[in-house]
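Read the structure below first, then the notes.
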Amino acid sequence: MLLSRYQNEFIEAGCDEAGRGCLAGPVFAAAVVLPKDFEHELLNDSKELTEDVRYSLRVEIEQKALAWAVASADNVEIDKINILNASFLAMHRAIEKLTLEPRFLIIDGNRFNKFKKIPHQCIIEGDAKYLSIAAASILAKTYRDDYMKQIATEHPEYDWHNNKGYATVKHRETILKIGFTPYHRLTFRVSDPQLELF
């Protein structure tokens, strides 16, 4: 059972990102403030859920959250400041957009750049431990997937509709064969799919 709060004194937002390991597209992040009594038996780390369940949960999260926001940092920003800092930037943008200002942040992962003067706690595998981080992971993932499906129509040969920009064999083979698009992250290494990855 996921926990509803890390602390009970302040309004708390959970934050997570999606798309850090992709070769193309932005990194998306979400911030979610849930009611203290919020519970849902299906809500979990987005990676553990089917696509249909993620999208049905997104509707519930958006209806029942006290506040939620989604933001991104694009591939040009990722290449400029690196993927870790771009992930933090996307999270900062999401927190900034919240209509209810949090006084405490819980962040999925082990690192974060402080946002304003709001105290935060990093939690490894937080999306499998706290409801608000799990909710943020679902929003970040589904909104990013929507974006990748949208731009997939411009470059169908890269199969983004299915791989969402991740480094599948087909995606890497296509890059090596016909090159990059304006959506690709040029600082990410594309290894030959025929070679074993160590």
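The values are calculated or read from the model by the stated rules, or taken from the named source; none is laboratory data. This one's a predicted model, so the numbers in the text were calculated from it and none came from an experiment. With ideal geometry, Cβ positions are generated from the backbone for all residues, glycine too; neighbour counts draw on all protein chains shown. The area values use the complete protein model at the heavy-atom level, side chains included, leaving out ligands, DNA and RNA. Shrake-Rupley method; radii C 1.70, N 1.55, O 1.52, S 1.80 Å.
On a 0 to 90° scale, report how tilted helix 169-178 is relative to the longest principal axis of the chain, with both axes built from alpha carbons and the result rounded to the nearest 10.
So the helix axis and the longest Cα principal axis differ by about 50 degrees.
Name all residues of the stretch 11-33 having a backbone nitrogen under 18 Å from the label point set 7 Å from the Cα of Asn110 along its Cα→Cβ direction, giving them as ranges.
What the label zone holds, given the 18 Å backbone N cut-off, is 17, 20-21.
Which longest run of the chain has no exposed loop site in it, a site being GluC sites (Glu not before Pro) in a DSSP loop with at most 13 other beta carbons within 10 Å, and the site itself not part of the run?
Values: sites that count: Glu9, Glu39, Glu41, Glu125, Glu154, Glu196.
No qualifying site falls inside 42-124, the longest such stretch.
With all protein chains present and a 1.4 Å probe, how do Lys97, Lys117 order by accessible area, largest first? The partial results should precede the final answer.
Working: Lys97 120, Lys117 185 Å².
Ranked list, largest accessible area first: Lys117, Lys97.
Starting from 0.36 nm per residue, how many nanometres of slack lie between Arg5 and Lys170 once their C-alpha separation is accounted for?
Working: separation 165, 0.36 × 165 = 59.40 nm, distance 4.13 nm.
Separation in residues times 0.36 nm, less the Cα-Cα distance, equals 55.3 nm.
For the stretch 82-198, report the accessible area per residue in Å² (1.4 Å probe, heavy atoms, rounded to an integer).
On a per-residue basis, the stretch 82-198 sits at 53 Å².
Tally up the carbon and sulfur contribution to the accessible surface of the chain as a whole percent, 1.4 Å probe, everything protein left in place. All intermediate terms of the calculation are to be shown ahead of the outcome.
Values: 5180 of 10160 Å².
Exposed carbon and sulfur together represent 51 percent of the surface.
With angles folded into 0 to 90 degrees, how steeply does helix 83-97 sit against the dominant principal axis of the chain? Use alpha carbons for both and round to 10.
Its long axis makes an angle of about 40 degrees.
Please report the base-10 log of the normalised intensity I(q)/I(0) for the stretch 97-195, using a Debye sum with one equal scatterer per alpha carbon and no solvent, at each q in 0.11, 0.12, 0.19, 0.20 (1/Å).
Taking Cα atoms of the stretch 97-195 as identical point scatterers yields -0.51, -0.59, -0.97, -1.00.
Please give the helix 131-152 orientation as an angle from the longest Cα principal axis of the chain, in degrees from 0 to 90, rounded to the nearest 10.
So the helix axis and the longest Cα principal axis differ by about 30 degrees.
Keeping every protein chain in place, order Arg185, Arg93 by accessible area at 1.4 Å, biggest value first, i.e. largest first.
Details: Arg185 0, Arg93 85 Å².
Sorted descending by solvent-accessible area, the residues read Arg93, Arg185.
Over the chain, what number does the Rg to Rh ratio reach, with both radii from the alpha-carbon atoms and Rh per Kirkwood?
Rg/Rh: 0.99.
What is the local net charge at Val27, summed over the other residues whose Cβ is closer than 10 Å to its Cβ (Lys, Arg +1; Asp, Glu -1)?
On the way: positive: Arg20, Arg144, Arg185; negative: Glu17, Asp74, Glu77.
Here the count lands on 0.
Tell me what the chain gives for mean residue ellipticity at 222 nm when only DSSP H runs of n ≥ 4 count, each as -39,500 (n - 2.57), the sum divided by the residue total, rounded to 500 deg cm²/dmol. All intermediate terms of the calculation are to be shown ahead of the outcome.
Values: 6 runs with 72 residues, N = 198.
Mean residue ellipticity, 222 nm, calculated: -11500 deg cm²/dmol.
Count the net charge of all other residues whose Cβ sits under 15 Å from the Cβ of His161, scoring Lys and Arg as +1 and Asp and Glu as -1.
Details: positive: Arg144, Lys149, Lys164, Lys170; negative: Glu51, Asp145, Asp146, Glu154, Glu157, Asp159.
In short, -2.
I need the Debye-formula profile for the stretch 1-85: one equal scatterer per C-alpha, no solvent, reported as log10 I(q)/I(0) at q = 0.12, 0.15 1/Å, two decimals.
Values, matching the q order: -0.44, -0.67.
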